[in-house]
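Engineer: Pasting a structure below so you can have a look.
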Amino acid sequence: MSAGTPARLAILISGRGSNLQAFIDAIASGALEAQISVVISNNPDAAGLQRATAAGIPTRCINHRDYTTREAFDAALAAEVQSWEVDLVILAGFMRILTPVFVQPFRGRLLNVHPSLLPKYPGLNTHQRALEAGDREAGVTVHFVTLELDGGPPIIQSRVAVMPGDTPQTLADRVIAREHIIYPLAAQWLLCGRLQLTDKGVCLDGQAIPATGIDYQQVDR
Ligand code: GAR
């Protein structure tokens, strides 16, 4: 990234792309100083591809069904991302398990959003699992991606109360509104140099942050 040129992002999606839209909107508002160089999907039918096209962003599809192994898919995906010379890779509802072939080259500049308060509920059906467990709060985590599924070091979390009568859908609706706030914020911290993944963990403004990430309630705004 050079002075005066906006940082370049690749955003990887598999579906609806509401987090992609949050990035488009955060860039338009000036809250995120970046440009989206490309949106890549593993799913040719991902609705988010249309959002990208509507915003004038180039799209690519690398269909995982065209590859016989995860590693072969990841190699093709990594090559495509590298061809765009991006500063940061954003997984925004990208529903593929990634191997070291993809994860290693982007260490420290590969982020994911996961709809739970990690380390609780890695994997799928997070809201249903939170409701079944009788949890009184749920939320979302933005984290660096490492080789452990949904297990990389958290950057920021936002919590919501579980309400009486909540269904997985009503809870998901409340949580995703928070995703749309904290994910572009974490990207901005990284791009402006405030946030780093170090050997000792995640640092914000040179200070190690808590193991579960910064609590969004505590962020000055
Ligand atoms: C989001 O809730 C995101 O947290 C989740 O997929 C949804 C994508 O929504 N990601 C994961 O579960 C990753 N493990 P979107 O396509 O509208 O952004």
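Engineer: Give me the number: length gained by fully extending Ala211 to Cys61, i.e. 0.36 nm times residue separation minus the C-alpha to C-alpha distance, one decimal in nm. Let's see the in-between values first.
Structural biologist: Values: separation 150, 0.36 × 150 = 54.00 nm, distance 3.50 nm.
Extra length from Ala211 to Cys61 when fully extended: 50.5 nm.
Engineer: Turning to a different aspect of this structure: Dipole magnitude of the chain about its Cα centre, charges +1 at Lys/Arg Cβ and -1 at Asp/Glu Cβ only, in debye to the nearest 20?
Structural biologist: Details: 18 positive and 21 negative charges, 14 e Å.
Its charge dipole is roughly 60 debye.
Engineer: Here's a follow-up. For labels at Arg194 and Met163 in the simple 7 Å Cα→Cβ model, what's the distance in nm?
Structural biologist: 3.0
Engineer: What number, in percent, do you get for the relative contact order of the chain if the mean sequence gap of Cα pairs under 8 Å and at least 6 apart is divided by its residue count?
Structural biologist: Details: 418 pairs, mean separation 39.3, N = 221.
Here the relative contact order equals 18 percent.
Engineer: With a 1.4 Å probe and all protein chains left in place, how much accessible area per residue does the chain have, in Å²? Walk me through the intermediate numbers first.
Structural biologist: Values: 10630 Å² over 221 residues.
With the other protein chains kept in place, the chain gives 48 Å² per residue.
Engineer: Shifting gears a bit: Rank Ala133, Ala78, Ala55 by mean-square fluctuation in a GNM of the chain with C-alpha springs under 10 angstrom and give only the top-ranked residue.
Structural biologist: Ala133
Engineer: At a 1.4 Å probe, what is the % contribution of carbon and sulfur to the accessible area of segment 67-221?
Structural biologist: The nonpolar share, carbon plus sulfur, comes to 53 percent.
Engineer: Here's another thing I want to ask about it. What does the helix-only formula give at 222 nm for the chain: each DSSP H stretch with n ≥ 4 adding -39500 (n - 2.57), the total divided by the residues, and the result rounded to the nearest 500 deg cm²/dmol? Spell out each step's value before the answer.
Structural biologist: On the way: 6 runs with 68 residues, N = 221.
Taking each H run of at least 4 residues, the total per residue is -9500 deg cm²/dmol.
Engineer: Highest mean first, how do 64-73, 167-176 rank when packing is the count of other Cβ atoms within 10 Å averaged over residues? Don't skip to the answer; put the middle values down first.
Structural biologist: Details: 64-73: 13.4, 167-176: 16.0.
My ranking of the peptides, most packed first, is 167-176, 64-73.
Engineer: For a quick check of your reading of the filter: which trypsin sites (Lys or Arg not before Pro) in segment 119-172 sit in a DSSP loop and have no more than 10 other Cβ atoms within 10 Å? Don't skip to the answer; put the middle values down first.
Structural biologist: Values: sites: Lys120, Arg129, Arg136, Arg159; in loops: Lys120, Arg136.
Answer in residue order: Arg136.
Engineer: Going by accessible area, probe 1.4 Å, with all protein chains left in place, what is the ranking of Asp45, Asp215, largest first?
Structural biologist: Numbers: Asp45 125, Asp215 45 Å².
Per-residue accessible area, sorted high to low, gives Asp45, Asp215.
Engineer: Set the Förster distance to 45 Å, then compute FRET efficiency between Gln82 and Glu137 from the Cβ-Cβ distance, nearest 0.05. Don't skip to the answer; put the middle values down first.
Structural biologist: On the way: r = 39 Å, r/R0 = 0.87.
Once the sixth-power term is evaluated, E becomes 0.70.
Engineer: Which residue fluctuates most in the GNM of the chain (Cα springs below 10 Å): Gly123, Gly108, Gly30?
Structural biologist: Greatest mean-square fluctuation among the candidates belongs to Gly30.
Engineer: Once ligands and nucleic acids are excluded and a 1.4 Å probe is used, how much of His143 is accessible, expressed in Å² to the nearest 10?
Structural biologist: Surface accessible to solvent at His143 totals approximately 0 Å².
Engineer: Right, something else. Does segment 1-108 come out rounded, prolate or oblate, given a ≥ b ≥ c as the square roots of the eigenvalues of its C-alpha gyration tensor, rounded meaning a/c under 1.5 and, failing that, prolate meaning a/b above b/c?
Structural biologist: In terms of gyration-tensor shape, oblate.
Engineer: Oh, and also: Got the relative contact order for segment 16-66 handy, in percent, Cα pairs under 8 Å and 6 or more residues apart? Please report the intermediate quantities before stating the final value.
Structural biologist: Values: 58 pairs, mean separation 19.6, N = 51.
Contact order relative to length: 38 percent.
Engineer: Let me ask something else. What is the magnitude of the charge dipole of segment 2-115 about its Cα centre, with +1 placed on the Cβ of each Lys and Arg, -1 on the Cβ of each Asp and Glu, and no other charges, expressed in debye to the nearest 20?
Structural biologist: Values: 9 positive and 9 negative charges, 35 e Å.
Dipole of segment 2-115, to the nearest 20 debye: 160 debye.
Engineer: Charges on Cβ only, +1 for Lys and Arg, -1 for Asp and Glu, centred on the Cα centroid of segment 1-124; of Leu49, Gln82, Pro122, which one is farthest towards the dipole's positive end?
Structural biologist: Towards the positive end, the residue furthest out is Pro122.
Engineer: Let me test this: with uniform point scatterers at the alpha carbons of the chain, what is the Debye-based log₁₀ I(q)/I(0) at q = 0.07, 0.08, 0.13 1/Å?
Structural biologist: One equal scatterer on each Cα of the chain leads to -0.20, -0.27, -0.73.
Engineer: Under a GNM of the chain (C-alpha, springs under 10 Å), which listed residue has the highest mean-square fluctuation: Pro164, Pro122, Pro210?
Structural biologist: Highest fluctuation of the listed residues: Pro164.
Engineer: Treat every Asp and Glu Cβ in segment 66-111 as -1 and every Lys and Arg Cβ as +1, leave all other atoms uncharged, and give the resulting dipole magnitude about the Cα centre to the nearest 20 debye. Could you put the intermediate results ahead of the total?
Structural biologist: Numbers: 4 positive and 6 negative charges, 42 e Å.
Result for segment 66-111 is approximately 200 debye, rounded to the nearest 20.
Engineer: Oh, and also: Taking the mean number of other Cβ atoms within 10 Å as a proxy for protection, how do you rank 48-54, 183-189 from highest to lowest? Before the final figure, lay out each step's value.
Structural biologist: Numbers: 48-54: 17.4, 183-189: 22.9.
Ranking the peptides 48-54, 183-189 by packing returns 183-189, 48-54.
Engineer: Could you list the GluC sites (Glu not before Pro) in segment 96-197 that lie in coil according to DSSP, counting only those with at most 13 other Cβ atoms within 10 Å of their Cβ?
Structural biologist: Values: sites: Glu132, Glu137, Glu148, Glu179; in loops: Glu148.
Those satisfying the criteria are Glu148.
Engineer: Taking a probe of 1.4 angstrom, what is the accessible area of Cys192 in Å², to the nearest 10?
Structural biologist: 70
Engineer: Rank these by accessible area, largest first, 1.4 Å probe: Met95, Met163. Could you put the intermediate results ahead of the total?
Structural biologist: Values: Met95 125, Met163 95 Å².
I get Met95, Met163, largest accessible area first.
The values are calculated or read from the model by the stated rules, or taken from the named source; none is laboratory data. Here the structure is a predicted model, which means the values were calculated and not measured. Ideal geometry is used to build each Cβ from the backbone, glycine not excepted, and the neighbour counts take in all protein chains shown. Calculation scope for accessible area: heavy atoms of the full protein, side chains included, ligands and nucleic acids excluded. Shrake-Rupley method; radii C 1.70, N 1.55, O 1.52, S 1.80 Å.
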